[in-house]
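J.: One structure is given below, represented as structure tokens, and several questions about it will come after.
Since every read-out is calculated from the coordinates, none of them should be taken as a lab result. Everything numeric in this text was worked out from a predicted model, so none of it was measured. FYI the Cβ positions are ideal-geometry reconstructions off the backbone, even for glycines, and counts take in every protein chain you see.
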Amino acid sequence: MSQTFAPLAPGSVIGVLGGGQLGRMLALAAARLGFDVVVLTPETDTPASRVAWRTIVADYTDPSALAELAELAAVVTYEFENVPVAAVEALIAHGGDVAPGALALATAQDRVKEKSFFRASGVPTVDFAAVDSVADIVEGLSRLGAPALLKTRREGYDGKGQTWVADAADAEAAFARIGSKPAILEARAAFRRELSVIAARGRDGVVAAYPLSENHHRDGVLRTSRAPAQASHTTRAEALRIAERTLERLDYVGVAGIELFEGEDGRLLVNEFAPRVHNSGHWTLDACQVDQFEQHVRAVAGWPLGPTDMLATAEMENLLGDAALDWAALAADPSARLWLYGKRDVAPGRKMGHLTRLGSPMRRDPEIA
């Protein structure tokens, strides 16, 4: 892909599968660089469609819609990892270019396949077992220990589709709690904090990573990200190694988010991989020379990657549900940068926007950059 793709000129069209807030911010970044964006989404009046040049409202696997998108767009990307792989394959069959490619999407969509990929790549993860039945859970607990975390193999996000299994006696009820779907059982991770690395790979194979962020979740949902995370040179080097190995082995083009557990001994384990721009990288919009959304557009368009240097320390807070209704006070805060996603309906736990507070200007100190 990278050897035959000519950089897109301003005025070219970029397609986005998905109409949510990530698609919205991708469309805004693309417009700033002179590109037009066409969104394919099964929903009407989406956050992305209201800022895009054009919207195709259809199912992701609709043949005529995919043919239209392939005809309109010079390259197509996606804003979330639950887009059917069949849609990407259909776009390619129509002669379209899709970045990231189908391999990354298929790997991220199946948690067993994802963990197996990392293990085969020499990247450590928690121990795990594939689950198709209650008996598999019981057998897995005997090897992994209890309690253990049961997650559906596919879909599920922000804590959905997962439950803790207390012991073997809880196996049947736990399987029912996730809908008795194919799953993965993960050993409990002993970690002191959660980190993430946001990294991009261009069509020329160059990888650029942003400084590590430290993330705090509650009820399975990311609440805050602080960057840069205070981390040793060894930790930062290992995170970069993981990112480079992951993106290279997937022949990846675009921005990806990799969630990490840091153990008490400083060892890093990969938790999850997202083949897209990532919530824990939203602080880059206000704190970096080139944010993750522009970086993704640059990568898929075949442009050189931009600098990932931070201008100031940052703390990003997700605005969930009613928290966004306090927009007037938040907008009046001179220390805050407010991003609202234009969602019509407020619901408990729904991501309505985010707020970033900038701190001290960054020093050119390799120990904290």
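J.: So, by mean Cβ neighbours within 10 angstrom, what's the order for 76-83, 65-72 with the highest one leading?
T.: Per-residue mean Cβ counts within 10 Å order the peptides as 76-83, 65-72.
J.: While we're looking at this one, here's another question. According to the square roots a ≥ b ≥ c of the eigenvalues of the Cα gyration tensor, what is the shape class of segment 239-319, taking rounded for a/c under 1.5, prolate for a/b larger than b/c otherwise, and oblate for the remainder?
T.: It is oblate, given that a/c is not under 1.5 and a/b is not larger than b/c.
J.: At a threshold of 8 angstrom on Cα-Cα distance, excluding pairs fewer than six apart, so keeping six or more, what relative contact order does segment 193-361 reach in percent? Write down the numbers at each step before the final one.
T.: Values: 356 pairs, mean separation 38.1, N = 169.
Once normalised by length, the contact order is 23 percent.
J.: Now a separate question. Would you work out if the chain is rounded, prolate or oblate? Take a ≥ b ≥ c from the square roots of the eigenvalues of the alpha-carbon gyration tensor; rounded if a/c is under 1.5, else prolate when a/b is larger than b/c, oblate otherwise.
T.: Rounded is the answer for the chain, as its axis ratio a/c remains below 1.5.
J.: Between segment 253-299 and segment 36-50, what is the C-alpha centre distance in whole Å?
T.: First find each Cα centre; the distance between them is then 24 Å.
J.: Place a +1 charge on the Cβ of each Lys and Arg in the chain and a -1 charge on the Cβ of each Asp and Glu, then give the dipole magnitude about the Cα centre in debye, rounded to the nearest 20.
T.: 420 debye
J.: Same structure again: Go through 233-239, 223-229 and give me the packing order, highest mean Cβ count within 10 Å leading.
T.: Ranked from most to least packed, the peptides come out as 223-229, 233-239.
J.: Which whole-number percent gives the relative contact order of the chain, counting Cα pairs below 8 Å spaced six or more residues apart? The partial results should precede the final answer.
T.: Details: 823 pairs, mean separation 53.4, N = 369.
Relative contact order of the chain: 14 percent.
J.: On alpha carbon coordinates alone, what is the Rg over Rh value for segment 13-98, Rh being the Kirkwood radius?
T.: Radius of gyration over Kirkwood radius for segment 13-98 works out to 0.92.
J.: State, to one decimal in nm², a quarter of the convex hull surface area for the C-alpha atoms of segment 139-244, i.e. the direction-averaged projected area.
T.: Working: hull surface 34.7 nm².
Average of the hull's projected areas for segment 139-244 equals 8.7 nm².
J.: What chymotrypsin sites (Phe, Trp or Tyr not before Pro) does segment 34-77 have in DSSP loop regions with at most 16 other beta carbons within 10 Å? Show your work: numbers first, answer last.
T.: Numbers: sites: 35, 53, 60; in loops: 35, 53, 60.
Sites meeting the loop and neighbour criteria: 53.
J.: OK, next. Charges only on Cβ, +1 for Lys and Arg, -1 for Asp and Glu: so what's the dipole of segment 136-204 about the Cα centre, in debye to the nearest 20?
T.: Roughly 340 debye, rounded to the nearest 20.
J.: Now for a separate question. On a straight-distance basis, which lysines could pair with residue 151 in a cross-link, Cα separation under 25 angstrom, same-chain partners fewer than 8 positions away excluded?
T.: Reachable lysines: 113, 115, 160, 181, 351.
J.: Regarding segment 77-220, what are the three Cα extents along the principal axes, ordered largest first, in Å?
T.: The principal-axis extents, from largest down, are 52, 36, 29 Å.
J.: What value, in deg cm²/dmol to 500, does the helix sum -39500 (n - 2.57) over DSSP H runs of n ≥ 4 give at 222 nm once divided by the residues of the chain?
T.: Computed mean residue ellipticity for the chain: -8000 deg cm²/dmol.
J.: Given a Förster distance of 41 angstrom, what is the FRET efficiency for residue 57 paired with residue 169, based on the Cβ-Cβ distance and rounded to 0.05? List each step's numbers first, then the result.
T.: Details: r = 48 Å, r/R0 = 1.18.
Using R0 = 41 Å, I get an efficiency of 0.30.
J.: Residue 192: net charge of surrounding residues, Cβ under 13 Å, Lys/Arg +1, Asp/Glu -1, itself excluded? The partial results should precede the final answer.
T.: Numbers: positive: 193, 267; negative: 194, 214, 262, 264, 265.
Surrounding charge for residue 192 is -3.
J.: Among 256, 232, 8, whose Cα sits farthest toward the positive end of the charge dipole of the chain (+1 at Cβ of Lys/Arg, -1 at Cβ of Asp/Glu, about the Cα centre)?
T.: 232
J.: Is there a quick way to get the dipole size of segment 174-214? I mean about its Cα centre, with the Cβ of Lys and Arg at +1 and of Asp and Glu at -1; what is the value in debye to the nearest 20?
T.: Roughly 160 debye for segment 174-214.
J.: Another question, if that's okay. With unit charges on the beta carbons (Lys and Arg positive, Asp and Glu negative) and the dipole taken about the Cα centre of the chain, which residue among 117, 359, 284 sits farthest to the positive side?
T.: 359
J.: Show me the helices of the chain, taken as full DSSP H stretches, that run 20 Å or more along their long axis by Cα and average -1.0 or above in Kyte-Doolittle hydropathy.
T.: 233-249
J.: Here's something else I'd like to know. Summing Lys, Arg as +1 and Asp, Glu as -1, what charge do residues with Cβ under 11 Å from the Cβ of residue 301 carry, residue 301 excluded?
T.: Working: positive: 203, 298; negative: 97, 294.
Every neighbour counted, the sum reads 0.
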